[in-house]
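Read-outs throughout are calculated quantities, based only on the coordinates presented, and are distinct from any laboratory measurement. What you see is a predicted model; the values in this text were computed from it and never measured.
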Amino acid sequence: MGITGSIATIGYALATVGPALGIGMVVAKTQESTARQPEVAGVLRTNMFIGAALIEALGLLGFAAGFVF
């Protein structure tokens, strides 16, 4: 009885752990900063979305790498 399937699914699961933690930390720190200084909430929100997009791009690269290799 052999194991069948692709190891790419395990690689994708591992590739999503980093971005998930990164987005969680970005959102948490943005909320903390907004609570401390509400007047800069707009700038912080913009920076949070840019940072979250870059972090999410890393997750998508990990997803694509599972199919390529």
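Tell me the Kirkwood radius of the chain: reciprocal of the mean inverse pair distance over distinct alpha-carbon atoms, in Å.
That comes to 13.8 Å for the chain.
Roughly speaking, what is the stretch gain from Glu39 to Val27, that is 0.36 nm per residue apart minus the C-alpha to C-alpha distance, in nm to one decimal?
Result for the pair: 2.6 nm of gain on full extension.
If I take every Cα pair under 8 Å that is 6 or more residues apart in the chain, average their sequence separation and divide by the length, what percent do I get for the relative contact order?
Relative contact order for the chain comes out at 50 percent.
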